[in-house]
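The values are calculated or read from the model by the stated rules, or taken from the named source; none is laboratory data. What you are looking at is a predicted structure, and each value in this text was computed from that prediction instead of being measured. Note that each Cβ is placed from the backbone with ideal geometry, even for glycine, and that neighbours are counted across all protein chains shown. For accessibility, only protein heavy atoms count, side chains too; no ligands or nucleic acids. Shrake-Rupley method; radii C 1.70, N 1.55, O 1.52, S 1.80 Å.
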Amino acid sequence: MFKVVCVGAFHRKGIKLLESRPDLVTYEVLTDLSPENVARGVAGADAVVVRTTPLPRETLERADRLRIVSRHGVGTDNVDVAYLSSRKIPMAIAIDSNVGSVAEHTLMMLLALAKDAMAGDRATRSGDFAWRDRRTASDVAGKSALIMGFGRIGQRVGALCRALGLRVAAFDPYMERSPVEGVEMVKDFRAILPETDFLCLHLPSTPETRDLIGAGELALLKRGAFVLNCARGGIVDEDVLCDALESGHLGGAGLDVFAKEPPDTAHRLFRQEKVLLSPHNAALTEECAIRMATQAVQNVLDCLDGKLQPRVVMNRREIGMA
């Protein structure tokens, strides 16, 4: 019998999947997510399912029977994957769970910004029906989008943008050819920033992507361009983003993620009228919550049954599964 420790609560359908295998596993759900309690909780685990709680090396070292860590989602920046790899432990993700939800959220923000939906809502509520004559909204068809990070989510965003009539380019240092018809891969993203209307970020959080979009990159963007980040906080320097908004160089921004979460609402980012904010919930639809919970649990069950799929393992090359 194997013990599964769930670091944080998740959708009941994921728990039911665990309960469907009493022949294989027992489980515990940790609700006290303090570092000390998490370290105690995972100590006897054969498998760990984790949402966003940090799992540093010193915590994982306590789990001497550990066989797998399965992420409730796709980002792994909260887990010391290098340490797992040193022990040949797979780091699994709910690989297809949030693609559609995050892509839809990105397009929602893109359209809301282009149509100046927030200002239109405020004007209508205040009785300023004549606001419509200011014509601050714009069409997206015929505009250009640059997608940085062209994995599963970026590709879905690219396909949706193409369906709306945008010209789409993509930058991904690990990809030479686009799997999406009509999307051009570029090697130097800075070279096409001056012709970009919508900059869509779908990059992982790594030392290389930290503050990747800074003052220089924002200055290169076409005047009136929009920046959308539904990936990870810290890819865009929030202070210089505010500078570019306040100067009028940028037309607006849509952020689902922040350098610090929860963010400091006293930051001047929260005083920008041309910014659409959401609380890192792009993947938190009801349907996506079910997919993330069930896929994360299924990865654990597959591992313990000896049939884990290499495609769901982020460190498959490092542990010899490639």
- Item | the chain - charge dipole about Cα centre, Lys and Arg +1 at Cβ, Asp and Glu -1, debye rounded to 20 | 600
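Leaving out ligands, DNA and RNA, what percent of the accessible area of the chain is carbon and sulfur, probe 1.4 Å? Working shown, then result.
Numbers: 7790 of 15440 Å².
The computed percentage sits at 50.
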- Measuring from the longest principal axis of the C-alpha atoms of the chain, the long axis of helix 152-163 (C-alpha) lies at a number of degrees, nearest 10, equal to 30
- Task: Return the whole-Å distance between the Cα centroid of segment 209-266 and the Cα centroid of segment 279-322.
- Result: 30
- Message: Using Cα springs under 10 Å in a Gaussian network model of the chain, which residue among 311, 71, 162 shows the largest mean-square fluctuation?
- Response: 311
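With a 1.4 Å probe and all protein chains in place, put 227, 74 in order of accessible area, largest first.
Values: 227 0, 74 40 Å².
Final ranking, largest accessible area leading: 74, 227.
Within the chain, count lysine pairs with alpha carbon atoms under 18 angstrom apart where the residues are 8 or more positions apart or belong to different chains.
Details: 3/16; 3/307; 88/307; 115/143; 115/222; 115/274; 143/222; 222/274.
Close lysine pairs found across the chain: 8.
Could you list the GluC sites (Glu not before Pro) in segment 156-263 that lie in coil according to DSSP, counting only those with at most 12 other Cβ atoms within 10 Å of their Cβ? Don't jump to the answer; show the numbers that get you there.
Working: sites: 176, 181, 184, 195, 208, 217, 238, 246; in loops: 176, 181, 208.
The qualifying sites are 176, 181, 208.
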- Based on Cβ point charges of +1 for Lys and Arg and -1 for Asp and Glu, what charge dipole magnitude is obtained for segment 187-249 about its Cα centre, in debye rounded to the nearest 20? 240
- Item | Rounded Å value of the spacing that divides the Cα centres of segment 26-63 and segment 1-17 | 12
- Note on the structure: Taking the alpha-carbon centre of each part, the distance from segment 93-138 to segment 159-208 in Å is 21
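Would you mind getting the accessible area per residue of the chain, heavy atoms of the protein chains only, 1.4 Å probe, in Å²?
On the way: 15440 Å² over 322 residues.
Result: 48 Å² of accessible area for each residue.
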- Message: Projecting each Cα onto the charge dipole of segment 179-281 (Lys/Arg +1, Asp/Glu -1 at the beta carbon, about the Cα centre), which of 258, 185, 270 comes out farthest on the positive side?
- Response: 270
- Query: What 222 nm value per residue comes from the helices of the chain, counting each DSSP H run with n ≥ 4 as -39,500 (n - 2.57) and dividing by all residues, nearest 500 deg cm²/dmol?
  - Reply: -9000 deg cm²/dmol
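List the chymotrypsin sites (Phe, Trp or Tyr not before Pro) in segment 83-192 that DSSP assigns to loop (not H, G, I, E or B) and whose Cβ has at most 10 other Cβ atoms within 10 Å. Which are they? Write down the numbers at each step before the final one.
Working: sites: 83, 129, 131, 150, 171, 174, 189; in loops: 150, 174.
The qualifying sites are 174.
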- Note on the structure: In the list (1) 40; (2) 50; (3) 30, the entry giving percent of Cα pairs over 30 Å apart computed from the coordinates is (1)
